[in-house]
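Worksheet: one structure, shown below.
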Number of protein chains: 2
Amino acid sequence: MTKGTQAVDLLDDAGIRPTKARALVLAAIMEAGRPLSHPALAALLPELDRVTVFRSLKALKASGLLHGIQGLDGLLRYVANPASRKGCPGKHPHFLCLECGAMTCLPEQRMPHVRVPEGSEVVGKQFLVYGLCPLCSAKNQKSGNPADLATRKSASAEK
Amino acid sequence: MTKGTQAVDLLDDAGIRPTKARALVLAAIMEAGRPLSHPALAALLPELDRVTVFRSLKALKASGLLHGIQGLDGLLRYVANPASRKGCPGKHPHFLCLECGAMTCLPEQRMPHVRVPEGSEVVGKQFLVYGLCPLCSAKNQKSGNPADLATRKSASAEK
DNA sequence: GACATAGTGCAATCCGGTTGCATTTTCGGA
DNA sequence: TCCGAAAATGCAACCGGATTGCACTATGTC
């Protein structure tokens, strides 16, 4: 289990207890390589209680190993922070597929600057681009389904 | 009730039945002048059932009078679309105060362009800037409270 | 190895969103 | 003005994700 031990190292480095649950959660997220919601993770790790998954996510996030992105569906998704960018979330936009619910990072792009009202204090930003991923776009093209994408509840498979 | 009748006109124009509930909901949102969540609206309009509020919001959104923005807390908030921009949501960023939960529009700014993976289809974008609003920032300055802003659950009053 | 502390699992709760269904309102036509 | 179809509303109930309390277990220290 290379990934697992690697995850344990990261936990150690981050200064939190390297427990089995946290290692599994972190490994799963890193392996996925894209933002995963709490339910998706819980499904991916049936050997863990969903509450444990939830609390592990909280701990990992607090320690700076993960950051969360809110989807259009109200589901919070988590991605691993690359070591170099630890503790600096919100540094790039994300793309959410309305069809399959999958979320991907657009890491090579910087967050645009925004002017805020005088006196405001900016803590972070979140830029979400939504639509159809290449796969679903292709699928939709064939089966001719120009439906109410923006309205539809993130339907199938992957959360 | 000037606001109310004005709302009725808007409903008529939008081509949906101008019912009391819809007029009240729309008037409340326009009066607020900033994005309100469904729970906030339900609290603001105790004479209406929360389901009715919910369905009115759906109808108003479908007719292009409103658009919704997802907050960091997973709560969907609604704002009135100015007549000129009807049916064109997602045209500007929003600011969310982590302290009081109030959300404001930053309408004078355009959505930045983002490159997406080949084959993707962009339906819309959502840009959320979060932090402290001028009021809360000032309050925090005094009472010295440099706490876990990003973690905190949108605490008090306004949703 | 023993102990204090932190993490885990389970059950239960909270809350926003959503649906089914019976009743009421709206609106076009008689 | 009245009538009936269609749409909207209120109520109760349900669903699913988030969160908490508490007893039990694993972790790390001395």
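Side notes on the structure shown:
- Alpha carbon centroid spacing (whole Å) that separates region A:93-145 from region B:12-57: 28 Å
- Other protein chain Cβ atoms within 10 Å, averaged over every residue that makes up B:109-120: 6
- In this simple spin-label model, placing a label point 7 Å from the Cα along the Cα-to-Cβ direction at both A:Asp12 and A:Arg34 gives a separation of 3.3 nm.
- When A:Ser63, A:Ser137, B:Ser56 are sorted by how many other C-beta atoms sit within 10 angstrom of their C-beta, beginning with the fewest, the order is A:Ser137, A:Ser63, B:Ser56.
- Relative contact order (percent, whole number), region B:2-143, Cα cutoff 8 Å, 6+ residue spacing: 19 percent
- Other-copy label distances relative to A:Leu76, 7 angstrom Cα-Cβ extension, nm: 2.0
- From the largest down, region B:23-122 spans 49, 32, 24 angstrom on the principal axes of its Cα atoms.
- Per-residue shielding of B:129-136, expressed as the average number of other chain Cβ atoms within 10 Å of the residue Cβ, stands at 6.
- Over 21 Å between alpha carbons, listed pairs A:Lys61/A:Lys125; B:Lys20/B:Lys58; A:Lys139/B:Lys61; A:Lys139/B:Lys91: A:Lys139/B:Lys61; A:Lys139/B:Lys91
- Taking 7 Å steps out from each Cα toward its Cβ at A:Lys20 and B:Lys139 produces label points 4.6 nm apart.
- Other protein chain Cβ atoms within 10 Å, averaged over every residue that makes up B:93-100: 3
- Shortest-first distances to equivalent copies, position B:Glu108, nm, label 7 Å out along Cβ: 3.5
- Ascending list, in nanometres, of distances separating the B:Asp49 label from those of the other copies (7 Å, Cα toward Cβ): 3.8
Read-outs: derived from the displayed coordinates by stated rules, not from any lab. No experiment lies behind these values; they were computed from the predicted model shown. Every residue, glycine among them, receives a Cβ derived from its backbone with ideal geometry; neighbour counts consider all protein chains shown.
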